[in-house]
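One structure below.
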């Protein structure tokens, strides 16, 4: 037996002439999210989508839909003909299923009925439908009306395609459908912040190409596996993601050899941005996203950001810029990346950390420090040695690609 799920989207409904493009992307993303569930289907109506799934798959379908950006909420609904008597009978049955110990004796349970009449051809107003349906339920079930603190309720939507009844609305992920706002490179370190930044970037409809800088043997293979696991988690929200692993050992060694120690982090970040920009151009990305939060560490002051940004023409997105650490940790726990992020494997950002890093570097200081660094050659070598791997929701497919100039 099929279960029907009514899918609502909030922000998409405010779009103008390009609303259809956003809706089409959302439909595609829902199809991909539900692909492992056999027999799942989608029906489209104005302002709503309906997902049909097998009853045995209902719980898994709900879990997957909660991770699809662009969905504001959804409900398992009962469909009825747009006739008052039919709606009353369906509403009574829905209430009875929510009552404890029905049909045995019980104290009256507080309830309410709320109606939204989208189809204005229906002869009764929303308030009239609620009153008549509520009166019918009260006459046939041990309930009492309580509009402010109901224990059970019936929500009714009367639409052109029929009447739909449901008990509650399950919150969705909100935001915009991934893919509706273009692509960005995500600089993914393996710590707590950058996966959360990736999640927030996807929430605004951006598809990700993840870039990780790997400094073997200074960083272990476990640190790379940790990043792969984080990408796998993010695919559950944004669909397939390609991870680009950049060999960074030679660059870090040269920075340590030729540059002032206090500017090491600044120069390292500038080199990362140069490489990220090259990869972004190759894969048609329009921005670079990072997990930086203003003032959290030495390289995240406004002066540092200004100096680091000057090596790229692409916009640098910092969705965590106004978050404090506790807020970031809470969000990491909510999306499921925290436990992986705190695994004790160092990344390239934590090795060679200077004792006294420059917190307010000026662009001319960084340029002077890079004079003895073969910037273009090192960037080209790193990009040419980059290994790319696709990751898919629910599974990991090792599809390797190599970038060449």
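The values are calculated or read from the model by the stated rules, or taken from the named source; none is laboratory data. Since this is a predicted model, take the numbers as computed values, not measurements. Positions of Cβ are generated from backbone atoms using ideal geometry, with glycine treated the same way; all protein chains shown enter the neighbour counts.
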Within the stretch 264-281, work out how many residues are more than 23 Å from residue 358 (Cα to Cα), out of contact with any strand residue (DSSP E or B) (no Cβ under 9 Å at 6 or more places or on another chain) and in contact (Cβ under 8 Å) with a residue 40 or more places away in the chain. 1
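Listed here are the residues, each with its yes/no results for (1) at pLDDT below 95; (2) in a loop (DSSP other than H, G, I, E, B); (3) surrounded by 15 or more Cβ atoms within 10 Å (Cβ to Cβ); (4) in the same structural domain as residue 230 (by TED's automatic domain parsing).
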site: 312; (1), (2), (3), (4): no, yes, yes, yes
site: 321; (1), (2), (3), (4): yes, yes, yes, yes
site: 328; (1), (2), (3), (4): no, no, yes, yes
site: 331; (1), (2), (3), (4): no, no, yes, yes
site: 334; (1), (2), (3), (4): no, no, no, yes
site: 345; (1), (2), (3), (4): yes, yes, yes, yes
site: 349; (1), (2), (3), (4): yes, yes, yes, yes
site: 355; (1), (2), (3), (4): yes, yes, no, yes
site: 358; (1), (2), (3), (4): yes, yes, yes, yes
Considering each residue of the stretch 202-216, count those that are in a helix (DSSP H, G or I) and crowded, with 24+ Cβ neighbours inside 10 Å, and give that number. 1
Can you find even one residue in the stretch 105-112 that is touching a strand residue (DSSP E or B) at 6+ places or on another chain (Cβ under 6 Å), more than 20 Å from residue 47 (Cα to Cα), assigned to a loop (DSSP other than H, G, I, E, B) and without any contact (Cβ under 8 Å) to a residue 60 or more places away in the chain? yes
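Would you say residue 293 is buried (at least 18 other Cβ atoms within 10 Å of the Cβ) and modelled with pLDDT of 90 or more?
Details: buried (at least 18 other Cβ atoms within 10 Å of the Cβ): yes; modelled with pLDDT of 90 or more: yes.
In short, yes.
Residues are listed down the side, and each one gets a yes or a no for (1) within 33 Å of the chain's Cα centre (by Cα); (2) surrounded by 17 or more Cβ atoms within 10 Å (Cβ to Cβ); (3) more than 30 Å from residue 136 (Cα to Cα):
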| site | (1), (2), (3) |
| --- | --- |
| 35 | yes, no, yes |
| 43 | yes, no, yes |
| 50 | yes, yes, no |
| 68 | yes, yes, yes |
| 73 | yes, yes, no |
| 81 | no, no, no |
| 86 | no, no, no |
| 89 | no, no, no |
| 97 | no, no, no |
Can you find, within the stretch 246-260, the residue that is nearest to residue 333 (Cα to Cα) among those that are in a helix (DSSP H, G or I) and in contact with a helix residue (DSSP H, G or I) (Cβ under 7 Å, 6 or more places away or on another chain)? 252
Of all residues in the stretch 245-263 being under 33 Å from the mean Cα position of the chain (by Cα) and in contact (Cβ under 8 Å) with a residue 40 or more places away in the chain, which is nearest to residue 200 (Cα to Cα)? 245
Some residue of the stretch 191-201 being crowded, with 23+ Cβ neighbours inside 10 Å and in a loop (DSSP other than H, G, I, E, B): no
For the stretch 28-56, what are the residues that are within 23 Å of residue 119 (Cβ to Cβ), in contact with a strand residue (DSSP E or B) (Cβ under 7 Å, 6 or more places away or on another chain) and free of Cβ contacts under 8 Å to residues at least 60 places away in the same chain? 42, 43, 49, 50, 51, 52
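From the list 219, 266, 258, which residue is surrounded by fewer than 19 Cβ atoms within 10 Å (Cβ to Cβ), modelled with pLDDT under 95 and in the same structural domain as residue 292 (by TED's automatic domain parsing)?
Working: 219 fails: surrounded by fewer than 19 Cβ atoms within 10 Å (Cβ to Cβ); 266 fails: surrounded by fewer than 19 Cβ atoms within 10 Å (Cβ to Cβ).
Going through 219, 266, 258 in turn, the sole match is 258.
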Output the residue which, of all residues in the stretch 114-158 that are part of a strand (DSSP E or B) and over 33 Å from the mean Cα position of the chain (by Cα), is surrounded by the most Cβ atoms within 10 Å (Cβ to Cβ). 143
Which residues, counting only those in the stretch 222-245, are farther than 24 Å from residue 274 by Cβ and either part of a strand (DSSP E or B) or out of contact with any strand residue (DSSP E or B) (no Cβ under 9 Å at 6 or more places or on another chain) (or both)? 222, 225, 226, 229, 233, 236, 237
